[in-house]
Structure formats: C-alpha cells, structure tokens
Amino acid sequence: MLSNANRTIHPLIPALLVLIAAVAWQAGANSASSTRPPATPSAVAVVDIVTIFDQLQELTDLEARLEQSKNASQADLDEVANQLKTISADLEVMTRGTAEYKKKVKDAMELQAVLNARREALNQILSIERGNMTRLLYTKVSNAISRISDREGYDIVLFDDSQFIVPEDAPYQDVYRSIVTRSLLHRDDSIDITNQIVSLMNSEYTAP
C-alpha cells in the first residue's frame, strides 16, 4: 500500500479543476442572466360602466330621439288598430253568415295580421337602433378610458362589478352564478375613475 507521502498529483488534474470551475461559473452566469427581473407593479383603475352610461348627456339625447321615432311608428300602428276596432264594431251588428259579414271577417283577419307584423317589425327595428346606439357610446367610453389611462399612467382598467348585489331568497343557481361571475371582489375608492370618464365625455359632448 502506498502511503500518503508517496502519492503524487497527476499533471493534468490542476488544469481539469480550472476548466471545471470555469464551466460552472459560466453556467451560473447564464442561469442568472436568464432569470426574469422582478415584475414592476401595474397601476390599476376601475370604472362602473353602468353608472357612466346612466350619467351621459349624449345617452339622454339619443334616448329622446329614439322615443320620438318610436312614437311616430306607434301612430301608424294605432291607425291600423283603430281600423280593426271599427270593423269589429261593425261585425257586432251585422248578420252572421252573410257575404258582407264574411268579407268583414276577412278584412279583420288581414288587418290583425298587418298589425301583428308591423308591431313585431317595430320592436326589432327599435332593438337594433338601441343596440347601435349602445355600441356607439361604448366605443366612445372605451376611447375616453384609454385617453385618461394614458394621461394618468394606468396600465389596467377593470370593470367594477364589486357593488353588484348577490340576490337574497333566490335559487341556488342564481346566487352561485352571481358570485362566480364576479370579476372584482374589492377595490378602494381612490382607483375609481368613473366620474372622470363621465366628466370628460359630457364636457366634450356639450362643447360648442
């Protein structure tokens, strides 16, 4: 057996140790450089879209014009309805089974069909007009949110549904749905920019 005093170090061992140390250092450097830096906190704001819509002057004016259009179309419906009432009154005093009576019944049926079709068409037209109106305003609201966010430095703006009420004495499915579909559970008043959006849009809308 060789004693410790007689053992010698192979000439290549020191060089190998240096190489291994260099490789280990490089691997550590690469690992450190590939690590993502700490995330920068994002500035967050919230808005209540429902409140914004309710307080927009433009929405009030658009609703008024939509109501005028509805009233004009309703006048046409009322005219057809009055004609139908007149025919119905005539039928009450006419002799059943006569040719004239049968013709009146046919006229009443045709008018009723016209009334139903026009009423259904009016409802669809009003619904489409209201949808277009809502889309227009939402586009403007989104634009106002973007401009204020750029100005104030907000990175994210969330829809504030934290004030929505969970229904009481409601079926389980409705209660559960109102909870799990909620996106915001709590927020501080300081990050609410709803009033800023309303003020900006109303001032721009009423500006000469």
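Brief remarks follow.
- Scanning segment 37-62 for residues that are surrounded by 13 or more Cβ atoms within 10 Å (Cβ to Cβ) and part of a helix (DSSP H, G or I) yields a count of 9.
- Segment 58-99, residues that are closer than 25 Å to Leu111 by Cα, in contact with a Leu (Cβ under 7 Å, 6 or more places away or on another chain) and not polar (S, T, N, Q): Lys70, Leu77, Val80, Ala81, Leu84, Ile87
- Flag not set for Thr86, criterion: touching a Phe, Trp or Tyr at 6+ places or on another chain (Cβ under 9 Å), in a helix (DSSP H, G or I), surrounded by fewer than 15 Cβ atoms within 10 Å (Cβ to Cβ) and at pLDDT 90 or above.
- Verdict on Ile165 being under 20 Å from Val44 (Cβ atoms) and either of a type outside the set (Phe, Trp, Tyr) or at pLDDT below 90 (or both): no
The values are calculated or read from the model by the stated rules, or taken from the named source; none is laboratory data. Keep in mind the model is a prediction, meaning the values are calculated, not measured. So basically every Cβ, Gly included, is an ideal-geometry build from the backbone, and we count neighbours across all protein chains shown.
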